[in-house]
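The values are calculated or read from the model by the stated rules, or taken from the named source; none is laboratory data. Not measured: the values here are computed from a predicted model. So basically every Cβ, Gly included, is an ideal-geometry build from the backbone, and we count neighbours across all protein chains shown. Heavy atoms of the whole protein, side chains included, go into the accessibility calculation; ligands, DNA and RNA do not. Shrake-Rupley method; radii C 1.70, N 1.55, O 1.52, S 1.80 Å.
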Amino acid sequence: MRHADAQTQPLSLTAPGPLAGDVTVPGDKSISHRALMLGALAVGTSRVTGLLEGEDVLATAAAMRAMGADIVRNGPGDWQINGVGVGGLLQPGQALDMGNSGTSTRLLMGLVASHPISATFVGDASLSGRPMGRVITPLSLMGAAITATPGPGGRQTLPLTLTGVCPAIPLRYTLPVASAQVKSAILLAGLNTPGETVVIEPVPTRDHSERMLAGFGAALSVTQAPEGRIITLRGEAELKPQSIVVPGDPSSAAFPMVAALIVPGSDVIIRNVGINPTRAGLITVLQAMGGDITLLNERSVGGEPVADLQVHHSALTGIEVPPEGAPSMIDEYPVLFVAAAFAKGRTVMRGLEELRVKESDRIAVMAQGLKACGVACEEVEDGLIVDGRGGDPVPGGATIAAHLDHRIAMSFAVLGLNARAPVTIDDARPIATSFPTFVPMMEALGAAAQR
Ligand code: S3P
């Protein structure tokens, strides 16, 4: 099926039978971004295998090249980086195009902030609406000069120009929002800053930056105090090149996981999935809903815990999802909303204000799409309440606007696997930002794709 606009790529998935098979998902997006950035700041040659070759990560690679790093792709997922050294980033010759990627933008803003260079950041329509004030505030305190574009509701948005300062001023900063991107931006700025940069996070968020900074040889300590996790980084660091093996992305694994849970008779294994506790909240929640998910072969890969996940179709039951776990599964809520549509009874998911400022307003967009597919749900300011159908197929039959949001597109593609009438995604192209192999992987499990 083709949409009238030749530029868009509609998609619907259906399941002619149970999903079955053994698959892998691409490398972790958060870890891939950080591997390229830290490799580009180490002196010498770093090697990354399992790198996610999605558009977001390629935007980071292009930006690091534009600032002087030598980055070469040896083969699929196998990349080599010759770094410039901390303090060695060069003035980019043109604006850095961040595409759809908030992680690239916010982390790179941190890197530029403590170098004597300036960079202009631009992005697509989705990214250009997202709030950058959360990184502008701390990076300005460190001495960077930032001019942003005024956005809706007083937001500071892209395009923005950031002029770094060297030496920057070391900062001690308590995160006002639970955001690994803000934490990481400050720590990356701290790498080329004299003295100690300290970030306090009252609510823990993904800790890939801390793990990888320590792995590259930065002096970083983490302590637990009544006010939260205190991360202290000694600046003017010298990073040593590393060999990094990137585990599979739990945020991508979430889609085949929920697909297997909702399609009757399914039995799926997803290999090599990162289960870092700061990322693995969805598994715990789905298990609490009755999901039959078994962790096999638990091991450590490149300093990150990893397992193979075996998932069987399950009768799910609605629960109240603990809001304090939200950061450990923040990107998985759209597909959890889909799982909730197949649970018996009510699933209450709250404490999710941050979902409103992701690639789209994920609460509003999911609520609208679920309703269009015949799922009873109520949007509240900080979340969604879903009255599930107890395993019955959803009516479906709607066309869903993906709003340039990969996870909206994949979530509704999964919903369509157990719908009476096909669910069509208006434009599946954003899926390439994080999961370029999503459709072939779902086909390998037995799904049928109409493109
Ligand atoms: C990310 C952090 C999260 C997450 C994003 C990736 C990261 O964003 O939603 O997809 O790699 O640090 P926030 O820091 O805005 O919560």
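On alpha-carbon atoms, Rg over Rh for the range 316-437 using Kirkwood Rh?
0.94
Relative to the Cα centre, what is the charge dipole magnitude of the chain, using +1 at the beta carbon of each Lys and Arg, -1 at the beta carbon of each Asp and Glu, and rounding to the nearest 20 debye?
Dipole about the Cα centre, nearest 20: 380 debye.
What FRET efficiency do you get for Val301 and Arg155 if R0 is 51 Å and r is their Cβ-Cβ distance, rounded to the nearest 0.05?
Efficiency, from the Cβ-Cβ distance: 0.85.
Along each of its three principal axes, how wide is the spread of alpha-carbon positions in the range 94-216, in whole angstrom units, largest first?
Taking max minus min along each principal axis of the Cα atoms, the range 94-216 gives 35, 31, 25 Å.
Could you work out how far helix 362-372 tilts from the main Cα principal axis of the chain, as a 0 to 90 degree angle to the nearest 10?
Compared with the principal axis, the helix lies near 20 degrees.
Net charge near Pro152: determine it from the other residues with C-beta under 14 Å of the C-beta of Pro152, scoring Lys and Arg +1 and Asp and Glu -1.
Neighbour charge sum, excluding Pro152 itself: +2.
Zone of Ala125 (label point 7 Å along Cα→Cβ, backbone N under 20 Å): which residues in the range 72-98?
Of the residues in the range 72-98, 97-98 have backbone N under 20 Å from the label point off Ala125.
For the range 228-271, what is the convex hull volume of its Cα atoms per residue in Å³?
Expressed per residue, the convex hull around the Cα atoms of the range 228-271 is 120 Å³.
If packing is taken as the mean number of other Cβ atoms within 10 Å per residue, what is the order of 431-437, 71-77, 172-178, highest first?
Top of the packing list down: 431-437, 172-178, 71-77.
What residue among Gln91, Gly50, Gly123 has its Cα farthest toward the positive end of the dipole of the chain, where the charges are +1 on Lys, Arg and -1 on Asp, Glu, each on the Cβ?
So the residue we want is Gln91.
Between Gln80 and Gln7, 0.36 nm times their residue separation minus their Cα-Cα distance comes to what?
Length gained, Gln80 through Gln7: 22.9 nm.
Tell me the angle of helix 55-66 to the major Cα principal axis of the chain, expressed in degrees between 0 and 90 and rounded to the nearest ten.
For helix 55-66, the angle is close to 10 degrees.
On average, how much accessible surface per residue is there in the range 29-245, in Å², for a 1.4 Å probe, leaving out ligands, DNA and RNA?
I get 35 Å² per residue for the range 29-245.
How long, wide and thick is the chain, going by the Cα atoms along their three principal axes, in whole angstroms, largest first?
61, 49, 47
Per residue, how much space in cubic angstrom lies within the convex hull of the C-alpha atoms of the range 1-117?
142 Å³
With bins 10 Å wide starting at 0, give me the P(r) of the range 29-245 over every alpha carbon pair, in whole percents.
Over the range 29-245, the share of Cα pairs per 10 Å bin runs 9, 38, 39, 14, 1 percent.
How large, in Å, is the range 372-426 by the Kirkwood hydrodynamic radius built from its alpha-carbon pairs?
11.8 Å
Please give the contour-minus-distance gain from Ala145 to Glu378: 0.36 nm per residue of separation, less the Cα-Cα distance, rounded to one decimal in nm.
Fully extending the segment from Ala145 to Glu378 adds 79.6 nm.
Ranked highest first by average number of other Cβ atoms within 10 Å, how do 317-329, 35-47, 140-152, 270-282 line up?
Averaged packing, sorted descending, gives the order 35-47, 270-282, 317-329, 140-152.
P(r) tail for the range 187-286, what percent of Cα pairs lie past 21 Å?
Percentage above 21 Å: 51.
Fully extended, how many nm does the chain gain between Lys371 and Asp292 (0.36 nm per residue separation, minus their Cα-Cα distance)?
25.7 nm
Hey, if we sort Lys344, Lys29 by accessible area with the 1.4 Å probe, largest down, what's the order?
Largest to smallest exposure gives the sequence Lys344, Lys29.
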